[in-house]
Amino acid sequence: MDLDFADDVIGIQVLRIINADGSKLHQMGIVLDKQSQQAGHAVWYYVYKGGQLIGQMTNGGWSP
């Protein structure tokens, strides 16, 4: 990632930190066990792995 900008560019210092340390947020695709569509996916789902809560689904789109 090219971060060769002046230090007074808004957000550049934070972007440099994220670039050096790595992102703490991740985006991924999942397939739900339920076959019914939730209206607008207004209901958040908790995501578990091996019985342990590892995250939350905060947005979704219906696809057959």
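Values quoted throughout were computed directly from the atomic coordinates according to the rules given, and no laboratory measurement underlies them. Values in this document were obtained by computation on a predicted structure and should not be read as measured data.
Quick look at the numbers
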quantity: Amide H partners (placed H, <5 Å) of Tyr45, local residues excluded; calculated: Met57
quantity: Per-residue ³J(HN,Hα) for the stretch 13-28, Karplus 6.51 cos²θ - 1.76 cosθ + 1.60, θ = phi - 60°, Hz, x for Gly and Pro; calculated: 5, 5, 4, 5, 5, 4, 4, 6, 8, x, 6, 9, 10, 9, 10, 8
